[in-house]
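Structure first, commentary second.
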Amino acid sequence: MNSPVQLNERIGSLDFIRGIAILGILAMNIAHFSYPFFGAFNPYVYGFDSETDSLVRFLTYVFFDQKMMGLFTILFGAGFYLFIDRLDKKQLGLKVIDIYTKRLLWLFIFGVIHAYFIWPGDVLYHYAILAFFLFPFRTWKVKNLIYLVVFLLIIQLSNSLIIHNRTVNQYKEYRTSLAIQGDERVAKDSTIIKAWEKRVILKTKEDYEKETALRKGNYIDNFKANTSFQEVHKGKLFYSSILFRNLMMMIIGLIFIKTGVFSNYKIWRYYWPFTIVAMLLGIGLCATYSYYDTYLYTMPVRPLAGVLSLRVGPMVLSIGYLLLFNGLFQKFFARLKFRPFSSVGKMAFTNYIMQSVICVIVFFGFGFNHFDQYNRTELWIIVIAIWVFQIILSLLWLKNHKYGPLEWLWRRLTYGKQV
């Protein structure tokens, strides 16, 4: 399990998987471009013209939502380990820290610019902050990293259990207060009833009118909408709600890269059985919580199994995807010269930002103003069209350039004129 990582050349499987992850991220983000940002989560308001749209949403949530971002987060952790390890091999001493922190600082700046001036759903600046935590873990043994992942998972499951129990108790209090009639109902009972009903009331399009008006307006209007979601200027430098989850996924990336599995999947004796188990278990868990999110969205209290599957399912399926795509690349695609997904992966930074630029032009008022004009099924046509465009553009660009344009700029800002 602790075979050395081959770092002399670019690891092909990482580019291949990263390309799939970047394309998959668009499938989970497209609804948040087309509809009000949080309104996109509501299966009863935006983008549902038929039962087919509900099925499309369900399948998108099962196979893409959180899973592709989780896959990309694992690769992010693996990629930064490679970055530091290669610097260490050049015997640069303390300059390694200088280069590493400079690279993260520029990633943070790029992310903030993206979040405020293009689209508020950025994760880059969040990743930049989390990557600082990765630095001391790079020297840990695989066994100790696994213990750390288990610890972080326990924290997440404990939080979910606490929230679930709190919800159950609030619902019980609500039912008790609701049963009290007339003069016997005191002020506390009325407060409990109002608090619960406010929590579960189904929002309508009227609740999102302000954001919709801004998105259909000019660029300044959209900038105002972006700033209403972002709070970096208030000192909130990362998403606290997903802090432990994303840090855990990055550490999983460290575990995988340290085992050498990206260079030779046969290092793991039971690689394919483990992959199949992870895929089946992940799909089962993700289908459980996706069913509640799509078809039982207004259910007041979800079963504990559904709550816990939300925490475990995406992680397990992301790992399953990673192993599946890694194994397929090494077994079938490594020898091929035509690698469309790998080209997208080599330009992951550029393609991630490009997706946002294309989508804001398509959907927002200062572009084609197609905001809230498509159902969930029709959005997939746009997704596939953008996929084809990005694959072709990446292949053409890399014929004449070693890096994508934003990748080159990032390197130039990190290393200076040495690049």
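The values are calculated or read from the model by the stated rules, or taken from the named source; none is laboratory data. Here the structure is a predicted model, which means the values were calculated and not measured. Glycine gets a Cβ as well: all are built from the backbone with ideal geometry, and neighbour counts include every protein chain shown.
Points worth noting:
- The set of residues from segment 163-221 being among the basic types (Lys, Arg), in a loop (DSSP other than H, G, I, E, B) and out of contact with any Gly (no Cβ under 9 Å at 6 or more places or on another chain) comprises just one member, Arg185.
- Among (1) farther than 24 Å from Arg412 by Cβ; (2) among the aliphatic types (A, V, I, L, M); (3) crowded, with 23+ Cβ neighbours inside 10 Å, the one test that Ala78 misses: (1)
Each row is one residue, and each column tells you yes or no for (1) over 26 Å from Lys346 (Cβ atoms); (2) among the hydrophobic types (A, V, I, L, M, F, W, C).
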{"site": "Leu71", "(1), (2)": "no, yes"}
{"site": "Leu105", "(1), (2)": "no, yes"}
{"site": "Phe108", "(1), (2)": "no, yes"}
{"site": "Gly111", "(1), (2)": "no, no"}
{"site": "Asp122", "(1), (2)": "no, no"}
{"site": "Lys143", "(1), (2)": "yes, no"}
{"site": "Leu153", "(1), (2)": "yes, yes"}
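- Every listed requirement among (1) assigned to a helix (DSSP H, G or I); (2) in contact (Cβ under 8 Å) with a residue 24 or more places away in the chain; (3) surrounded by fewer than 18 Cβ atoms within 10 Å (Cβ to Cβ) is met by Ser356 save one, (3).
- Of the numbered criteria (1) modelled with pLDDT under 95; (2) in a helix (DSSP H, G or I), the one Met248 fails is (1).
- Inclusion of Phe341 among residues that are among the aromatic types (Phe, Trp, Tyr) and under 28 Å from Tyr271 (Cα atoms) is warranted.
- Residues of segment 102-143 that turn out to be over 23 Å from the mean Cα position of the chain (by Cα) and assigned to a helix (DSSP H, G or I), as a count: 5
- Checked against (1) more than 17 Å from Ser160 (Cβ to Cβ); (2) touching a residue at least 40 places away in the same chain (Cβ under 8 Å); (3) assigned to a helix (DSSP H, G or I), Tyr297 passes all but a single condition, namely (3).
- Those residues of segment 262-282 which are crowded, with 19+ Cβ neighbours inside 10 Å, more than 26 Å from Ile155 (Cβ to Cβ) and of a type outside the set (Ser, Thr, Tyr), in sequence order: Phe262
- Unmet requirement for Phe151, which otherwise passes all of (1) surrounded by 14 or more Cβ atoms within 10 Å (Cβ to Cβ); (2) free of Cβ contacts under 8 Å to residues at least 24 places away in the same chain: (1)
- For segment 396-419, a residue qualifies if it is of a type outside the set (Ser, Thr, Tyr), buried (at least 16 other Cβ atoms within 10 Å of the Cβ) and in contact (Cβ under 8 Å) with a residue 40 or more places away in the chain, and the qualifying residues are Trp397, Leu398, Gly404, Leu406, Glu407, Trp410, Leu413.
- Among the residues making up segment 108-123, those that are buried (at least 21 other Cβ atoms within 10 Å of the Cβ) and of a type in the set (A, V, I, L, M) are Ala115, Val123.
- Of all residues making up segment 26-75, the number that are touching a Lys or Arg at 6+ places or on another chain (Cβ under 7 Å), surrounded by fewer than 21 Cβ atoms within 10 Å (Cβ to Cβ) and under 22 Å from Met279 (Cβ atoms): 1
- Just so you know, in segment 189-214 the residues that are more than 28 Å from the chain's Cα centre (by Cα) and surrounded by 17 or more Cβ atoms within 10 Å (Cβ to Cβ) include one that is farthest from Val362 (Cα to Cα), and it is Asp189.
- Considering Gly217, Gly235, the condition of being among the small types (Gly, Ala, Ser), over 20 Å from Asn42 (Cα atoms), under 31 Å from the mean Cα position of the chain (by Cα) and surrounded by 14 or more Cβ atoms within 10 Å (Cβ to Cβ) is satisfied by Gly217 alone.
Let's see how each residue does on (1) out of contact with any Gly (no Cβ under 9 Å at 6 or more places or on another chain); (2) surrounded by 21 or more Cβ atoms within 10 Å (Cβ to Cβ); (3) among the basic types (Lys, Arg):
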site	(1), (2), (3)
Val312	no, no, no
Gly327	yes, no, no
Gln330	no, no, no
Lys346	no, yes, yes
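- Residue within segment 283-290 that is assigned to a helix (DSSP H, G or I), polar (S, T, N, Q), touching a helix residue (DSSP H, G or I) at 6+ places or on another chain (Cβ under 8 Å) and under 30 Å from Ser158 (Cα atoms) present: yes
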